[in-house]
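See structure below.
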Amino acid sequence: MAVTPFIDGHNDFLLRLLREPERRDALWLEEGGEGHLDLPRMKKAGFAGGFFAIYIPSPEEPGAPDYQAMMDSPPYDLPLPQLIDAAGAQPTALAMAAHLMWMERAAKGALKICHTSADLRACMETGTIAAIMHMEGAEAIGPDLDALYAFHAMGLRSLGPVWSRPTVFGHGVPFRFPGDPDTGPGLTGAGKDLVKACNELKIMIDLSHLNEKGFDDVARLSDAPLVATHSNAHAVTPSTRNLTDRQLAMIRETGGMAGLNYATVFLRDDGRKLTDCGWDPVMRHLDHLVDKLGEDHVGFGSDFDGAELPDVIGDVTGVQALIGQMRERQYGEALIEKIARKNWISLLERTWGA
């Protein structure tokens, strides 16, 4: 069967370039088998577009617990990293935005950073990979919001107010299992201003990582569809990072979307990172999202290069195997195309404007 093109709601490929800038040609342009993404594998896999995250790593702290080991043995409750201020975050954010712009140049027409819905549609028509500049956590935006306008001018079209640590705008959920997203206060005054400014600029607001009260604040304030780019179903896996059925209902009511996250810790019902879990947890989450959100409000949100994935997916080349599972489970071709790409296109048109 022919490859089904897809749009993906979240990846952390820019973090790989940030950590190894001297190797970026090899990491991006060569099919080296490292990580989950590179340009040759994306082309083969049908990667039609995706959200490329600008993410500010937390500094390593002496004596900090071994977070990875803790997540290997649920239950766990990881302490939240400290807030990073805009002055500390902006050089890293600028470097990552510059890496994305370099990727566009180095791809020589194979990838385009999309600023408008027209750009996105043109990419789909020509087979050009559509890149969307995204911020996972708004650390690089100060409370005066001046940097928001600067990054928007660079191409920023999607922003999550928080990763799983506090910002001047709000509070992220801790990595906790089992747990629920009701973990602290809502948006700050600056956070409410951020939502209004994003609406004015037509920057999509991403609710993944935001706690429940912050989610509710965005729902009250925003005039755009509610979107969680890479979050799963709390009813299936009770992680703080997953969406409750109440939140899914709110997303559906606004014509929003959720993107299926492939990270094993958010898929497995035991919350473990083990990757030998087969297709069952993946499809249980996808079935639940489709049931609660409806066919027009679900997409993919892999977390490529930012998480451990099920062995059956492995990397970007495994997405076609996921689509094959959808066919085996009687997902019709029309629904597959919606989940693979059409729902993301429609959502961005509703958010950015046609």
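The values are calculated or read from the model by the stated rules, or taken from the named source; none is laboratory data. What you see is a predicted model; the values in this text were computed from it and never measured. Glycine also receives a Cβ, built like all others from the backbone with ideal geometry; neighbour counts cover every protein chain displayed. Side chains are part of the model used for accessible areas, which takes the heavy atoms of the whole protein and leaves out ligands, DNA and RNA. Shrake-Rupley method; radii C 1.70, N 1.55, O 1.52, S 1.80 Å.
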The set of residues whose placed amide H lies less than 5 Å from the amide H of residue 135, leaving out same-chain residues fewer than 5 positions away, is 54, 158, 159, 160
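Cβ neighbours within 10 Å, averaged per peptide: list 178-190, 10-22 in order, most packed at the top.
10-22, 178-190
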For the pair residue 72 and residue 19, what calculated FRET efficiency results from E = 1/(1 + (r/R0)^6), where r is the Cβ-Cβ distance and R0 = 22 Å, to the nearest 0.05? 0.45
Work out the length of the dipole vector of segment 303-354 about its Cα centre, built from +1 on the beta-carbon of each Lys and Arg and -1 on the beta-carbon of each Asp and Glu, and round it to the nearest 20 debye. 400 debye
Counting only pairs 8 or more residues apart or on different chains, how many lysine pairs in the chain have their Cα atoms under 21 Å apart? 17
Assigning unit charges at the beta carbon (Lys, Arg +1; Asp, Glu -1) and nothing else, what dipole magnitude in debye, to the nearest 20, does segment 120-244 show about its Cα centre? 160 debye
Relative contact order as a percentage, the chain, C-alpha pairs under 8 Å and 6+ apart, gives 20 percent
Please give the FRET efficiency for residue 34 paired with residue 334, using the beta carbon to beta carbon distance and R0 = 35 Å, rounded to the nearest 0.05. 0.45
Å² per residue, accessible surface of the chain at 1.4 Å: 37 Å²
Selected from 68, 325, 82 as most flexible by GNM, with the chain as the system and alpha-carbon contacts under 10 Å: 68
Calculate the dipole size of the chain relative to its Cα centre from +1 charges on Lys and Arg beta carbons and -1 charges on Asp and Glu beta carbons; express the result in debye to the nearest 20. 800 debye
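Starting from the Kirkwood radius over alpha-carbon pairs of the chain, derive D by Stokes-Einstein at 10 °C in a medium of 1.306 mPa s and give it in µm² s⁻¹. Display every interim value, and only then the final one.
Details: Rh = 20.0 Å.
Once the numbers are plugged in, D ends up at 80 µm²/s.
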Residues with amide H under 5 Å from that of residue 260, placed H, sequence gap 5 or more: 299, 300, 301
So what does residue 121 come to for accessible area, using a 1.4 Å probe and Å² rounded to 10? 80 Å²
For segment 35-52, just list the computed ³J(HN,Hα) in residue order, Karplus coefficients 6.51, -1.76 and 1.60, θ = phi - 60°, integers in Hz, with x standing in for Gly and Pro. x, 10, 9, 7, 4, x, 5, 4, 4, 5, 7, x, 5, 7, x, x, 8, 9
Applying the Karplus parametrisation 6.51 cos²θ - 1.76 cosθ + 1.60 with θ = phi - 60° to the phi angles of segment 131-138, what ³J(HN,Hα) value in whole Hz is obtained for each residue in order, glycine and proline being reported as x? 9, 10, 6, 10, 10, 9, x, 9
Which residue, chosen from 167, 263, 330, occupies the Cα position most advanced towards the positive end of the dipole of the chain, where the dipole is computed from +1 (Lys, Arg) and -1 (Asp, Glu) charges on Cβ about the Cα centre? 330
Could you work out which residue, out of 135, 154, 96, moves most in a Gaussian network model of the chain, that is, has the largest mean-square fluctuation with Cα springs under 10 Å? 154
May I ask for the distance between the Cα centers of segment 5-65 and segment 157-196, given as a whole number of Å? 24 Å
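Note the full-extension length gain between residue 275 and residue 349 as 0.36 nm times their separation in residues minus their Cα-Cα distance, in nm to one decimal.
Length gained between residue 275 and residue 349: 23.1 nm.
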Please work out how much accessible surface residue 296 shows to a 1.4 Å probe, ignoring ligands, DNA and RNA, in Å² rounded to 10. 70 Å²
